[in-house]
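First the structure, in the form of structure tokens, and then the observations on it.
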There are 2 protein chains.
Amino acid sequence: MCAVRGSTMTPRRTSSTDTTEYGAMTERPARPTSRDVARTAGVSQATVSLVLGDKWRGRVSERTAALVREAARTLGYRPNLAARNLRLGRTRTVLLVVPALTNEFFARVYTGAAGVAAEHGVGVLLYPSPAGTGPASDPFASARHALDGVIASSMAAEALDAFRGADGADLPLVMLDSDPAAPGPAARVNVDIEDGMRQVTRHLLDLGHRRMVHLASAVPSWTFDVRARAIAEVVRTAPDTTVTTVSAPLEVEAGRAAAERALTGPGPRPTALICDGDVLAAGACKAVRGLGLRVPRDVSVTGFDDLALARAVEPELTTVGLPAERVGERGMTALLTVLDGRIPPPGAPLPVTLVLRASTAPPPPEDD
Amino acid sequence: MCAVRGSTMTPRRTSSTDTTEYGAMTERPARPTSRDVARTAGVSQATVSLVLGDKWRGRVSERTAALVREAARTLGYRPNLAARNLRLGRTRTVLLVVPALTNEFFARVYTGAAGVAAEHGVGVLLYPSPAGTGPASDPFASARHALDGVIASSMAAEALDAFRGADGADLPLVMLDSDPAAPGPAARVNVDIEDGMRQVTRHLLDLGHRRMVHLASAVPSWTFDVRARAIAEVVRTAPDTTVTTVSAPLEVEAGRAAAERALTGPGPRPTALICDGDVLAAGACKAVRGLGLRVPRDVSVTGFDDLALARAVEPELTTVGLPAERVGERGMTALLTVLDGRIPPPGAPLPVTLVLRASTAPPPPEDD
DNA sequence: GCCCTCACGTGTTACGTATAACGTCCAGGG
DNA sequence: CCCTGGACGTTATACGTAACACGTGAGGGC
């Protein structure tokens, strides 16, 4: 029984030079392990783990603990997270799946989520689902880590499909702005988008508009379906009011083109454009001006989301403000609750605010 | 007692309540391991590892390999990434540190980087450095994982400081748009921002502008220093030309306020505003209109970056287009080269393009 | 007939950590 | 003088994977 250690070349020790493998010649300074700390502190590895894990009260003397901490500090010891994750079977890390990186709304969601997570010693990683109609790649191919849970926007649905059967199958999931009827997630966080769109529509009705266009997002998602329903619901109560719908991808130029179509179509010109997002509204404003008209004198335009863009364009947009940070906070709180083995309470949709700015006004007088 | 193998849940506080009321026990299905696969395939775990790791050519028969794959499929086996990372000593994951999530430029950088990474089976995680002047939190507290390398924007400098001494110390680092003189990174990827600002300045000079304002970013960063230098350099060659500088945080409203100050200051009104970014330029346009003037008839405005915003505002901005995706591609290529133990070639700064749109025109005639 | 090689696998180990299960020493009570 | 028990640590695993080192037979060259 030759119990002597053979020449088992560990992957870390850089000895062979012929391998062209990844990380072959990177002479890394061989990070110290907890055993190294133990050796220099003159204690066992277990003690190091106890002290550094802050579980030593009443089990290790104050003096020894100080010794260990000192050794760890001088050696520059950092625990190996892969090993810790393996040992504990969890990573204290969750993934936030967003539709696109460029979307300011989700940047704010991240901020809120990361704040709550930090308080609980949990990390948040970001997975931007591939832009547009690209092939839905596996979020876990990108985040090739063990994750404890996922928070996902319903707008990233195609990316979510990749969850099923992927690494993340059966991972606790919190969905943002998703259909309450659909099955799946352990919890949901919704914004009262319906109320927002209702308020916008009523605002325009109160101003006197009777011919309106809903400039809808061409992206299929529950959040956008809700908007359409809310508009229809409000309009149904108003006499002699029509709303037609055109749709476009969520981009300025697409919004401009669609708005132009709507404004130059047959029949009397609509006097208001209800847009599914500020980006589309910005495009709509361009279309109005492109036709030699003015916002809001000739055509009123409303946005949605209250992005920075809403105040960058001329005129500043009447829009709907969304509590993005609170969405992130609540999503993370719910997920942490699930990870604790408890059931998060449902919670009502978060309230929105109608933001009145310069892009809406009464319609021009009829000149027939 | 029945010692169930695979202690599923955390032994934290399962003793608190034995409530069967709401199905509090989620009883995770105990993900199958490679050993489980081995058992059902009738082979050893080592063979499973070989087959699934695609290293079985000439070592395992075709028939056995098929058996293993079949067993893995039916069991729904997914390798435990924490274990793999521990064993291999690497994670095939890199972190992209960006200044802010909302910045479209970095969204495009991510896209480029993720594309290259995917080709090499490497994952990209995102760390948005805390917005504004918040306390620089540790990127590795957020991304609590073993990482192989980091790509960081110089605009996220405060976050980068957290690297020193943190988990990520001595991690291969690629810096984007950073001072070539500063030490540190294993590689750099720069964009020829200097050339871009030179072109913008020359463009305005050619149009006849002589009194200009540089609306600079208040964020301290090398990329912005370069812009100022480039303007000064070009202007020095032009007679009777003055450039004054005002600075503002990279936000629309701040840009508007700063531009207003610059336009209403003492002396003759400047005829052109050179802005460090499209966001500032959008604010500048608002300031011009707020003073009852027109862009570009009375004042020309130039942006930088060519974001979607540049085409959302009225008039569309003359600006400088940056090859953001290529920055990401090159950054990732360089990092992968470093991780391979090789030295990436320096590479010249990536070229930019002057994009002429509607926000620049000859200055109004002097009326003195 | 013997050894060598090849095809096909398996046993074993180590990665670095957290923790359950054991000692050991010594003070103090019975 | 033994037993109890707290204070202080240590030993011994196990997490799931990858890869080295080592068998087996079967076939073939000499």
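Separation of segment A:211-230 and segment B:184-206, taken as the distance between their Cα centroids, equals 42 angstrom.
For segment A:178-190, the Karplus equation 6.51 cos²θ - 1.76 cosθ + 1.60, evaluated at θ = phi - 60°, returns couplings of 10, 5, x, 7, 6, x, x, x, 6, 7, 10, 10, 10 Hz by residue, with Gly and Pro reported as x. Residues of segment A:81-106 with backbone nitrogen within less than 16 Å of a virtual label 7 Å along the Cα-to-Cβ line of B:A83, please, listed as ranges. So the set is A:82-91. Counting other C-beta atoms within 10 Å, and keeping those with at most 11, which DSSP coil GluC sites (Glu not before Pro) do you find in segment A:312-368? When the GluC sites (Glu not before Pro) of segment A:312-368 are filtered for loop state and at most 11 Cβ neighbours within 10 Å, A:E366 remain.
Note that segment B:252-297, at 10 °C in a medium of 1.306 mPa s, gets a Stokes-Einstein diffusion coefficient of 154 µm²/s from its Kirkwood radius over C-alpha pairs. Excluding same-chain neighbours fewer than eight residues apart, the lysines reachable from A:K286 by a Cα-Cα span under 30 Å are B:K286. Given +1 at the Cβ of Lys and Arg, -1 at the Cβ of Asp and Glu and no other charges, the dipole of segment A:193-322 around its Cα centre is 480 debye to the nearest 20.
Could you work out the percent of alpha carbon pairs in segment A:34-79 separated by over 13 Å, rounded to a whole number?
So the portion of pairs separated by more than 13 Å is 40 percent.
Of the trypsin sites (Lys or Arg not before Pro) found in segment B:299-340, no site is in coil according to DSSP while having at most 12 other Cβ atoms within 10 Å of its Cβ. Of the trypsin sites (Lys or Arg not before Pro) found in segment A:165-242, those that fall in a DSSP loop while having at most 11 other beta-carbon atoms within 10 Å are A:R236.
Under Stokes-Einstein, with the Kirkwood radius over Cα pairs as Rh, the value for segment B:193-322 at 37 °C and 0.692 mPa s is 233 µm²/s.
A short reminder: the numbers here are calculations on the coordinates, not readings from a lab. Because the structure is a prediction, the values reported are computed rather than measured. Reconstructed Cβ throughout: ideal geometry from the backbone, glycine too, with neighbour counts over all protein chains shown.
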